[in-house]
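This report refers to the structure that appears directly beneath it.
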């Protein structure tokens with residue numbers, strides 16, 4: 001079965017550090033330090049570019065996710081992976097998918113992928129509708145067949 005990852009929004013399509021980081025309201029999780037942005041503090045340079053070292057900034061160039069809280073379950077971390085971020089209203093936005101290429105202890109490597117065109121992003125999703133319960137802490141969840149089928153139907 002697949003997995004779903006909840007990441008922070010990145011206004012550079014997850015291919016670089018965010019620009020206009022203080023002015024982009026969609027970066028509220030970073031600004032409030034609700035996500036691990038790397039240095040423990042939200043900082044920008046004099047041009048407004050984020051100075052943090054978060055995983056999200058290079059997700060679509062390094063195709064890698066590290067689990068700082070432990071190892072991934074290699075038997076369950078297989079198949080398709082779906083990427084969402086929390087929107088301003090705390091609903092989820094489904095913005096891309098990939099396949100899991102390899103799992104090495106606390107790292108998952110993905111096949112190369114890019115975000116879907118923004119007009120194809122699926123907005124207004126709720127974790128309770130996808131997972132059957134609210135999504136508390138953590139950045140990922142393993143999906144069962146029914147949950148994954150639901151995500152597949154959203155993308156078709």
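Between residue 152 and residue 89, 0.36 nm times their residue separation minus their Cα-Cα distance comes to what?
Extra length from residue 152 to residue 89 when fully extended: 20.3 nm.
For the range 1-59 and the range 87-134, compute the distance between their C-alpha centroids and round to whole Å.
Each part's Cα centre sits 16 Å from the other's.
Sorting check: for 42-50, 81-89, 68-76, which peptide has the highest mean count of neighbouring beta carbons within 10 Å, and how do the rest follow?
81-89, 42-50, 68-76
Can you work out the FRET efficiency for the pair residue 13 and residue 42, with r the C-beta to C-beta distance and R0 = 22 Å, to the nearest 0.05?
0.60
Any idea how far apart residue 66 and residue 101 come out in nm if each label point goes 7 Å out from Cα toward Cβ?
My value for the distance between the label points is 1.8 nm.
For the Cα atoms of the chain, what angle does the longest principal axis make with the long axis of helix 145-155, in degrees from 0 to 90, nearest 10?
Helix 145-155 sits at roughly 60 degrees to that axis.
Quick one: the Cα spread of the range 3-155 along its three principal axes, in angstroms, biggest first?
In descending order, the Cα extents are 47, 33, 27 Å.
Mark the label point 7 Å from the Cα of residue 33 along Cα→Cβ and return the residues of the range 1-18 whose backbone N is within less than 19 Å of it.
Residues 8-9 qualify, since their backbone N sits under 19 Å from the label point.
Since every read-out is calculated from the coordinates, none of them should be taken as a lab result. A quick note: this is a predicted structure, and the numbers were derived from the prediction, not measured. Quick reminder, even Gly has a Cβ in these numbers, built from the backbone with ideal geometry, and neighbours come from all protein chains shown.
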